[in-house]
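Participant: Mind having a look at this structure? Questions to follow.
Laboratory data are not the source of any read-out in this text; all were calculated from the coordinates shown. Note that this is a predicted model, so its numbers are computed, not measured. Cβ atoms come from the backbone with ideal geometry, glycine included; neighbour counts cover every protein chain shown.
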Amino acid sequence: MCTSFIYRGQDTIIGMNFDNNGMKYSIDTKNPNWFTVQVDGGRGKYPSFGVDRFGRFFNNLVVNSNGKGLYRRPSKKVTHTTKLITDILKGVISTENLEEYLRNVEVVNVPDWSCHNMICDSNGNAWVVEPGRGNISSPAKSSPFFVMTNFSLWDYLNENVECNCDRFKSVTSAFEKAEQVNVETAFSILDSVSQRNGEWITTFSMVYSKNLNTVYYCLNGDFNERFEYKFLLS
């Protein structure tokens, strides 16, 4: 499955491992402000994760369903995880106003999927949206880092459910021990929790540096060969 994090220090560093079970994906930079990865989960390509030149980030990761938060048609009071992300990309929803938006709109799942979203604004504030469970807010000043994988953070933080994800534990421990965090540190952490065997294989890894205004990424678990996408300054 996938691993993501934000580090909020002298630089804002965002990392993401996309662990894939064979779904088709592609990089989308048609909007020069956004670096987005689209994934085809069986209903066409939709944005799965991405970051923009201001440091705003989103992802859409699989999580076990609790039987709630099932799909309902979008309305003024209801949206679904993919539309939430698409509306952020289009500028319909401002991440700076996300707290208020989530108080007034219920987010549900898309048909046949159970997912949760991590969303960060340009100041390093983060939210986790878990349909059928609740929304978690992690202000930038509340901790130097925030980690999300594929188990329910709501259940872990609010329902006292034990964490059963080794990747989450490993990344959290690495950040707690790190004296400094930069692009190299982030890639090292992603490499340490990359998946080489099984159904879900790490096929895309990215690290974003706000100070450097650049996305660095590698393919198919090859952390030695990296590519970069530098956002243009307006």
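Participant: Among DSSP beta bridges lying fully in the chain, give the percent that are antiparallel, nearest 5.
Facilitator: Of all bridge pairs located within the chain, approximately 95 percent are antiparallel.
Participant: Not counting the cut sites, what is the longest span of the chain without trypsin sites (Lys or Arg not before Pro) that DSSP labels loop and that have at most 12 other Cβ atoms within 10 Å?
Facilitator: By the stated rule (loop sites, at most 12 other Cβ atoms within 10 Å), 78-195.
Participant: Would you kindly work out the equivalent ellipsoid of the range 90-169 from its C-alpha gyration tensor and give its semi-axes, the square roots of five times the eigenvalues, largest first in whole Å?
Facilitator: Result for the range 90-169: semi-axes of 21, 17, 11 Å.
Participant: Same structure, new question: Just check the chain against the gyration tensor rule for me: Cα atoms, a ≥ b ≥ c as the square roots of the eigenvalues, rounded for a/c under 1.5, and otherwise prolate or oblate depending on whether a/b exceeds b/c.
Facilitator: Note, shape of the chain comes out rounded.
Participant: Also, I was wondering about something else. Which value, in Å to one decimal place, does the Kirkwood hydrodynamic radius take for the range 3-90 when every pair of different Cα atoms is included?
Facilitator: Taking every pair of different Cα atoms in the range 3-90, averaging 1/r and inverting gives 14.6 Å.
Participant: Here is the link list: K83/K169; K68/K210; K30/K76. Which ones come out longer than 32 Å on Cα distance?
Facilitator: In this structure, K68/K210 lie more than 32 Å apart at Cα.
Participant: Now a separate question. Using every pair of alpha-carbon atoms in the range 159-234, split the distances into 5 Å bins beginning at 0 and state the percent of pairs per bin, rounded to integers.
Facilitator: Calculated over all Cα pairs of the range 159-234, the distribution is 3, 13, 21, 20, 19, 12, 7, 3, 1, 0 percent.
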